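Taking it in order: structure first as C-alpha cells, then the write-up.
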Amino acid sequence: MRGLQRLPQKRVHHTRDGIHFFANPYWGGKFVTDEAGFKVIELMDREEDEERLIDLISEELKINPYEAAARFVSFFDRLKRHRMLGEAQPEGEGMPQPNLGFVEVTRKCSTRCRLCYVDSGEEKPDTLSLDEIYGVIDQMAEMGVEFIALSGGDPLTRGDLLEILEYITIKRGLTGGISTSLLTLTEDTAKRMKELDVLVQVSLDGSSPEINDWNRGEGSFARTMEGVKLLNKYEIPFRFAFVINKHNIKDIEAMVELGLRLGAKEIAFGKVRIAGRAKGQEAIAYPSPQEMASAYKTLYRKAIEVREKGMKVNPKYNQPLLTGLGDRVGSLPCGAGRTFIQVSYNGDIIPCSLLCGEKEFVLGNVRKDKLKEVWENSSIYNFFRNTTVEEIECCRSCPAKYLCGGGCRADAYLTNGALDGPCSDCEDLRFYYAQIFDNACRKKNVTPF
C-alpha cells in the first residue's frame, strides 16, 4: 500500500525513562509508546510504502517480516484510533474574510474594576456617534462579518444601545451581541434583546461576592445576579467571562458549578493581562506558574466533565490536547487580521482590545479610513495572519510550541515590548505542559509495539 498515513511533522514528542509521549495538535490525539514504538514512528517518517516499511521494521527490531507485519498492523490501528495520524490541510491561500466584528461603543462603565485593561470609567468626548456606528456596521457587513459584538466600558450605559442592536439585527440581518456586567440591565431592555436574538457575554470574576467584588467593586456580584435572572426570564443565551487572577484562581471549580446552576452556555477563562489599570499591580494580580499550571489542569478536567451537561468550558491552551486545532497548527492562536476586525470607541482601527492604548498599533480610523482597505493593506494585520510559531525566536526550540502557537502576541508586546518576544503565559505553559508530558510517560499508559 502506497501513501501510508503517518504522524504529522508538526507534533509534540517528549521522552522520559525510555517512554515516549506524542501528541497530534491537529486532532487532539495523544499516544504513549515504548522505545520500539518510537523507532517505528521514526521509520514511518522516512518511508510511506508499507512493504518497504515492514522490511525496515524487521531489520531495525530484528524480528521476522511476518511478525513485523502483524505487529505493525495492530500498532497502526491504535495510532489511528488515538487520532495520531495525518494533519488538517489549510483551506487555501488569499485574503481571509473576517466573520466577527468588535465595536467598542463606549468607555463609560458602572464599575471601576481594579484590573480593567482598558481603564474604563467616564464617557470620552470623542466617542463615535450613533450614525458613525451605523457606518462601521455597514462596512463590516460589506466585508462579510456575520456577528458583531458590542463592548466597552459597558454597552448598557449607552442610551441608544437598542437602536444599535436593531440596526445590526434588523437592518443588516446580522447576529448581535454585547459584553457587559449587567449592572444596569432593565426589564424593558432584556425583553427587547430577546426579541432581537442578542447574545450576551457576562463579566464575572468569582462565584461569590467576596471573590468577585474584590476586582469588580462592592455589590457588583449581587447586581450581576439580578441581571442574570432577567436573562433567564427572557431566555436570552449567555456565557460568563472569568479573568483569572491571584485572588480568584482557586475559584474555578466553584465558578463552573455556578455557571451550570445559572444556565450559562459557556464560561471563557483567561489570565489577567497587565494593561490599563492593571499596570503596576503584578504582585497582587499575577498567579505563579505553579498556580496557573494547576488552573489549566482544572480547566482540562472540567471541560471534559461538563461536555454532556449543556455547558462548554473554554479550556484556553488545553484545546490542542482535547479537540485539536485543525488547520491552525503552527499559526498564531489570535484571530486578529484573520477572523475578526475591531474598532475602538473613538473610531481607531486596532488589532485587538489589548492594544487599544498603544498608539503604534492604531491601524487607521473609521472617520477617515475604510475598514476594507486597512484590513487588506495593514502590515500589522499581515504580521498576525502570516507569522508562524517557528518564526518567533523564543519559541523555536520549545517542545510545546505547536500547542500554544506562541501565545498572545499583544501580551508579549505589553510585557516585553516586542510582538515577537515571550508572552506572560510562556513560563506558565512550559511548567504546565512539562507536567502533562511527564505524567503521560508512565508504564501504565504505554502502548507497546
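The values are calculated or read from the model by the stated rules, or taken from the named source; none is laboratory data. Here the structure is a predicted model, which means the values were calculated and not measured. Reconstructed Cβ throughout: ideal geometry from the backbone, glycine too, with neighbour counts over all protein chains shown. In case anyone asks, the SASA skips ligands and DNA or RNA and just uses the protein heavy atoms, side chains included. Shrake-Rupley method; radii C 1.70, N 1.55, O 1.52, S 1.80 Å.
Assorted remarks:
- In the range 430-440, residue most open to solvent (accessible area, probe 1.4 Å) [restricted to those that are under 17 Å from ARG301 (Cβ atoms) and under 20 Å from the mean Cα position of the chain (by Cα)]: ILE436
- Evaluation of ALA303 against the conditions (1) part of a loop (DSSP other than H, G, I, E, B); (2) crowded, with 20+ Cβ neighbours inside 10 Å shows that the sole unmet condition is (1).
- Search result, residues across the range 182-218 that are within 13 Å of VAL228 (Cβ to Cβ), of a type in the set (Gly, Ala, Ser) and open to solvent by 10 Å² or more (accessible area, probe 1.4 Å): SER203, SER207
- Meeting the requirement of 3 or more residues that are among the aliphatic types (A, V, I, L, M), in contact with a helix residue (DSSP H, G or I) (Cβ under 9 Å, 6 or more places away or on another chain) and under 21 Å from TYR345 (Cβ atoms), the helices (runs of 4 or more DSSP H) wholly within the range 153-252 are 161-166.
- Among (1) open to solvent by 100 Å² or more (accessible area, probe 1.4 Å); (2) in a helix (DSSP H, G or I); (3) more than 20 Å from GLY135 (Cα to Cα) - the single one GLU373 does not satisfy: (3)
- Of the residues in the range 125-147, none is touching a helix residue (DSSP H, G or I) at 6+ places or on another chain (Cβ under 9 Å), assigned to a loop (DSSP other than H, G, I, E, B) and modelled with pLDDT under 95.
- Within the range 267-300, the residues that satisfy the criterion of being small (Gly, Ala, Ser), within 28 Å of LYS359 (Cα to Cα), part of a helix (DSSP H, G or I) and open to solvent by 10 Å² or more (accessible area, probe 1.4 Å) are GLY276, ALA283.
- Enumerated helices (runs of 4 or more DSSP H) restricted to the range 1-95, each holding at least 3 residues that are in contact (Cβ under 8 Å) with a residue 60 or more places away in the chain: 35-46, 65-81
- Checked against (1) within 29 Å of ALA141 (Cβ to Cβ); (2) surrounded by fewer than 19 Cβ atoms within 10 Å (Cβ to Cβ); (3) out of contact with any strand residue (DSSP E or B) (no Cβ under 8 Å at 6 or more places or on another chain), LEU354 passes all but condition (2).
- ASP425 being open to solvent by less than 60 Å² (accessible area, probe 1.4 Å) and charged (D, E, K, R): yes
- Single unsatisfied condition, ARG385 versus (1) surrounded by fewer than 16 Cβ atoms within 10 Å (Cβ to Cβ); (2) modelled with pLDDT under 95; (3) among the charged types (D, E, K, R): (1)
- Among the residues making up the range 359-370, those that are open to solvent by 40 Å² or more (accessible area, probe 1.4 Å) and under 27 Å from the mean Cα position of the chain (by Cα) are LYS359, GLU360, VAL362.
- Total residues in the range 11-61, condition polar (S, T, N, Q), surrounded by fewer than 22 Cβ atoms within 10 Å (Cβ to Cβ) and either over 19 Å from CYS398 (Cα atoms) or at pLDDT below 95 (or both): 1
- Candidates are the residues of the range 404-422 that are assigned to a loop (DSSP other than H, G, I, E, B) and over 16 Å from the mean Cα position of the chain (by Cα); the one that is surrounded by the fewest Cβ atoms within 10 Å (Cβ to Cβ) is GLY417.
- Residue match in the range 259-266 (condition: small (Gly, Ala, Ser) and not in a helix (DSSP H, G or I)): yes
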